[in-house]
Structures are given as structure tokens and as C-alpha cells.
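Chemist: Before I ask anything, here is the structure I am working with.
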Amino acid sequence: MIVSWDKIPPFGAGLTEVRTGIWQLSEVKMRRKKGILWILLSAMLLGGLAGCRRPGGGSEMTDAVSVKESPEESGDGEDKEFSGITLTMLNFSSATPAGVLAKTCAAAEEKFGFRIEIEPCYDDNVVRTRLATGECPDLLIYNTGSLLYSLNPSEFFLDLTDTGMAETLDKDFIRAASVDGVLYGIPQCDGMGAGVFYNKELYQEYGLGVPETWEEFKGNLEVLQNAGVDAMGIALNELVSSQLPFLADNYQVMYDNPDFAREFTAGKTGFADSEEGRRTWERYEELVPYFNKDCAAVSIPELENRFFGNELGHLIYFSSKIPEWILTYGDKINKIGFFAMPGDTGEETGLTIWPSNGIYGNKKSEHTEAVTAFLEWYISEEGLDVLTSFYTPAGIFHTGYRPKEESIELIQEVQRYYTEGKVIPALEYLTPVKGINCAFICNKLGSGRIGAGEAAEAYDEECRKAALQMGLWE
């Protein structure tokens, strides 16, 4: 069975199901508090959500320095369309390796004549404060999905719905970068999936096969654990790592109940009171005995070194890690394999995906023509050729673009789930409701301080608070 996601509603609309199976606007729309006051009030509440923005090997500071200190004075030619114009870019993303954004922007500078000043941003509160105080940059690189919804994007960003750019994008990105049916951004890079990376040499040494079900997966973990090898690596003090055993399991949740996102958005179901919701937290709990003993203190770089050193069997992480690993570990990348989080049955096994972060244009910019020219070029064949010349993408591009170089086997293992149609977006791209303290709850579950049932109840309560704050639930 392959689940169709055409029925998933866009953010911001009250919806009712008709017999044709298409979601239509109902007379009663979800109430959503808008305006500057909401942006300011939500800054502290939603800051914790930024922990699961697209991670990667990128360093925004490196990007900022690269552009600022570039010896080439791009844009000084009189024959270039936007000579003399400077665009500001606030970058709240590390989705590509260090320097990629700066080099790509430098190519745009050379083509159009404008300058792009890239400012790195590591704090979601900074983004929200800038918007609330009227300091929106010309270009903002930021999350799609539930975090975009919370920004009240209609107040700040260009409407790209009826542009040629929208015609090139797939439905996953359009859904993720739209609010109330309005498209606000273009993809920064390729999308990514989250699943299980495994050490092929350890699998060969202990006679293990790629698991197709949850029980087979736990069997592999047991073999490695009994052999004295850390079976599953996790860094509970790291926001992304601690949450991924839960977040990456959304394929199974939505497979078991295709209406879960709609019912959850409407406040009609939760994790504690639904079988599929409880089960996802139970699967997390079943992994805990196999975690590395120093899971509460270890860093991700240390885990990665152990993983490539054959001291660790598995890591659950984003596929966007692959380009960084290629740069760091070279040919050792060939000892790593990938599979999606296994479901309780083989049919339930598929890949949970995260659409790309978005690049958004300031609709009140003094240079909207230059901003639009940059956005159009960035997702064109020419722009993506430039972008992919600086890194090896591991995911699928939302425009259908295909990199010129053939992918390595590890990347092909990720991409086969897209080819087979066995992908489902993470829950935060199907609903605006996301619990603020998810990482804290996962930390408590992963360290054995609470059980799966308590975790499900705690997360439901966090989601209730977030929904009330946004005016979605009574």
C-alpha cells in the first residue's frame, strides 16, 4: 500500500471531508491569532522548535565571511542589471556544508551585479524579533512547515503562488511552504529523509541482514549488544538526535491512520489516546536498552567517529549528514548503509521526509525586482547546477532537478524510497501543531526517567498548549 498525500489539507484552514475524498474549506475556519503581538509572544515559546531545523555540516559564519572577504568585486559592472544594489540575507539554516551558500550567492552576484550580505543566525528568537520590529531582511532562509506557519508569513513575505516558480515545485514543498493556500518560498536545497544509518562492516562481521520489520531490527541490535558493540548511538543532550527516533517514525503513524494529521490538527486525537500514537512512543522506548552508555553526555561528532571506527552499529539521523561525512571521512563513507525506520510489518516501513528549508523574499523590500530575480535564478537549472557544484546532495530536489554526477550507493539507498513512493512528510509539515518541549520529553524517555505512556501524555499536553497559543483549539 502506498499512501496518497493529496488529501492532506494546507495549513490554516478548517476542513471537512466530502465523498470525493477531497478536502474543502468548511464554513468555520480555524481561528489563528495574527499580527506583531503574536510574533513577539511566540518567540520564546517556539524557540525550542528550532532544534529540529535542517541540520547539516554547514557553518553560517563561514558563509558570512566568504562573501564579505571575497576578492572579487561582483556587481561593479555598469552593464549588469542590478549593479549598485545590496541585498541583505538572514540565514537560519545549516542545510548545506560550509561555504556552499556563500559560493552560490557569489555566482548570483557575478550574474546580476548586486551584492548579497549574508548574516548567520542561530536563534529562532532573533528571526521573530527582527520581523516584529520591522527589520525583515531582503531574503530570509528559514524553516518550512509548522514554524513558517507561526511567523504569520502574509505579513512579511512575497506571494509566489501565481509565479512561474510555483509551477516548477512539487506538492510536498508547496504544501510545506504555503499557509492558507499561499506559497511564500522556494527550496534552499534538496529535501531530506531521516532513518537508520548502519555500519556495513559490522553487519558483515556478525552476519546481519538489512531488517524489513521492527522485530528484525531489534534482533540486529541484540546481536551487536551481546557482542559488546554499542548497538544504537544517540546524543540525548543534542536537540536533533534526541528527537529523531520519534520524529522519523511518522511514516508508520500515518500509514496506520492516514487521517491522523487532520484529526490531530482539529484536536480530535492525540498520541496518548490513539493506538498509532502510543505505538510510536513505545518503539522509542524499545530502543532505549540499546543506547550507548554515555548517551546523556556524548556529542554527535564523537558518535560519528565511533560509527566510522566500527565501534557503533547504528545512528538515526538525517540524510543531509551524508555530504558532510563525505568531506570528513572520504572513502570510509562506503562502509555506511541506510534504511528507513522499520515498521511493525514490512508494509509499514517507509521513509519520513523533511522538505527543504525555504528562501523567502521580503514583500516590503526596496529591491523586490532584484529579490525576485535571485529567487528565480536560484531554482533554475543554471542556479541548481551552480549549487550542486559545491556539494553532493543526498535528497531529491523539489523542482525535479537531477545533479549531473552519479550518486554514490549510500545516497541511492536513501533515494530509492522516493522512487518507490514510500515517503511521508514529517508531522510538522502536515499540521501547524507541534509540541515545544519535544526534545526534553525525548531526553526523559531516552534516559529511562519516564515510560512511553507518560511521554505520549506529556507531548499531547505540549501540543495542546501550542494549539491554544495559536488559537487553533478552544
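Chemist: In the stretch 178-221, which residues are among the acidic types (D, E) and crowded, with 22+ Cβ neighbours inside 10 Å?
Modeler: As a first pass, look at the stretch 178-221 and keep what is among the acidic types (D, E): 180, 190, 201, 205, 212, 215-216.
Of everything in the stretch 178-221, just one residue is among the acidic types (D, E) and crowded, with 22+ Cβ neighbours inside 10 Å, namely D190.
Chemist: Also, I was wondering about something else. Go through (1) at positive phi; (2) without any contact (Cβ under 8 Å) to a residue 40 or more places away in the chain one by one and return the number of the condition E135 breaks.
Modeler: (1)
Chemist: If you don't mind, another one. Going through the stretch 281-318 one residue at a time, which ones are under 21 Å from G219 (Cα atoms) and of a type in the set (K, R)?
Modeler: R283, K293, listed by residue number.
Chemist: Then there is this: Tell me which residues, restricted to the stretch 259-271, are closer than 22 Å to M341 by Cβ and crowded, with 17+ Cβ neighbours inside 10 Å.
Modeler: If the condition is that a residue be closer than 22 Å to M341 by Cβ and crowded, with 17+ Cβ neighbours inside 10 Å, then F260, A261, F264, T269, G270, F271 are the ones that fit.
Chemist: If you don't mind, another one. For T62, work out the one condition from (1) at negative phi; (2) crowded, with 18+ Cβ neighbours inside 10 Å; (3) modelled with pLDDT under 85 it doesn't fulfil.
Modeler: Checking T62 against (1) at negative phi; (2) crowded, with 18+ Cβ neighbours inside 10 Å; (3) modelled with pLDDT under 85, the one that fails is (2).
Chemist: Check V127 against each of (1) free of Cβ contacts under 8 Å to residues at least 40 places away in the same chain; (2) in contact with a helix residue (DSSP H, G or I) (Cβ under 7 Å, 6 or more places away or on another chain) and name the one condition it does not meet.
Modeler: Tallying (1) free of Cβ contacts under 8 Å to residues at least 40 places away in the same chain; (2) in contact with a helix residue (DSSP H, G or I) (Cβ under 7 Å, 6 or more places away or on another chain), V127 fails exactly one: (2).
Chemist: Does S241 satisfy the criteria of being among the small types (G, A, S), under 21 Å from the mean Cα position of the chain (by Cα) and at negative phi?
Modeler: Values: among the small types (G, A, S): yes; under 21 Å from the mean Cα position of the chain (by Cα): yes; at negative phi: yes.
It is true that S241 is among the small types (G, A, S), under 21 Å from the mean Cα position of the chain (by Cα) and at negative phi.
Chemist: Determine whether the stretch 183-200 contains at least one residue that is at pLDDT 95 or above, within 29 Å of L244 (Cα to Cα) and of a type in the set (K, R).
Modeler: Within the stretch 183-200, one or more residues are at pLDDT 95 or above, within 29 Å of L244 (Cα to Cα) and of a type in the set (K, R).
Chemist: In addition: In the list T96, T161, T88, which residue meets the criterion of being closer than 25 Å to F390 by Cα and part of a loop (DSSP other than H, G, I, E, B)?
Modeler: Numbers: T161 fails: closer than 25 Å to F390 by Cα; T88 fails: part of a loop (DSSP other than H, G, I, E, B).
It is T96.
Chemist: Now for a separate question. Scanning the stretch 117-151 for residues that are in a loop (DSSP other than H, G, I, E, B) and among the small types (G, A, S), which turns out nearest to R175 (Cα to Cα)?
Modeler: In the first step, residues of the stretch 117-151 are kept if they are in a loop (DSSP other than H, G, I, E, B); the result is 121-123, 133-138, 143-145, 151.
If we keep only those that are among the small types (G, A, S) as well, we get 134, 145.
Details: G134: 27, G145: 8 Å.
Among those that are in a loop (DSSP other than H, G, I, E, B) and among the small types (G, A, S), it is G145.
Chemist: Let me ask something additional. Filter the helices (runs of 4 or more DSSP H) completely within the stretch 165-238 down to those with at least 2 residues that are farther than 25 Å from V414 by Cα and more than 22 Å from the chain's Cα centre (by Cα).
Modeler: Values: elements: 171-176, 200-205, 214-226.
In the stretch 165-238, the matching helices (runs of 4 or more DSSP H) lie at 214-226.
Chemist: Could I ask something else about it? Of these, T388, T431, T372, T419, which one is buried (at least 21 other Cβ atoms within 10 Å of the Cβ) and either more than 22 Å from the chain's Cα centre (by Cα) or not assigned by TED's automatic domain parsing to the domain that holds K103 (or both)? Before the answer, list the steps.
Modeler: Values: T388 fails: either more than 22 Å from the chain's Cα centre (by Cα) or not assigned by TED's automatic domain parsing to the domain that holds K103 (or both); T372 fails: buried (at least 21 other Cβ atoms within 10 Å of the Cβ); T419 fails: buried (at least 21 other Cβ atoms within 10 Å of the Cβ).
From the options T388, T431, T372, T419, the qualifying one is T431.
Chemist: Also, quick follow-up: So which helices (runs of 4 or more DSSP H) are wholly in the stretch 343-432 and hold at least 1 residues that are without any contact (Cβ under 8 Å) to a residue 24 or more places away in the chain, under 28 Å from V179 (Cβ atoms) and touching a strand residue (DSSP E or B) at 6+ places or on another chain (Cβ under 8 Å)? Talk me through it step by step, then tell me what you get.
Modeler: Values: elements: 368-378, 381-388, 409-419.
Here the list is empty.
Chemist: What residue, of A296, A340, is of a type in the set (A, V, I, L, M, F, W, C) and more than 23 Å from the chain's Cα centre (by Cα)? First the steps, then the outcome.
Modeler: Details: A340 fails: more than 23 Å from the chain's Cα centre (by Cα).
Being of a type in the set (A, V, I, L, M, F, W, C) and more than 23 Å from the chain's Cα centre (by Cα) holds for just one of A296, A340, which is A296.
The values are calculated or read from the model by the stated rules, or taken from the named source; none is laboratory data. Since this is a predicted model, take the numbers as computed values, not measurements. Positions of Cβ are backbone-derived with ideal geometry, glycine not excepted, and every protein chain shown enters the neighbour counts.
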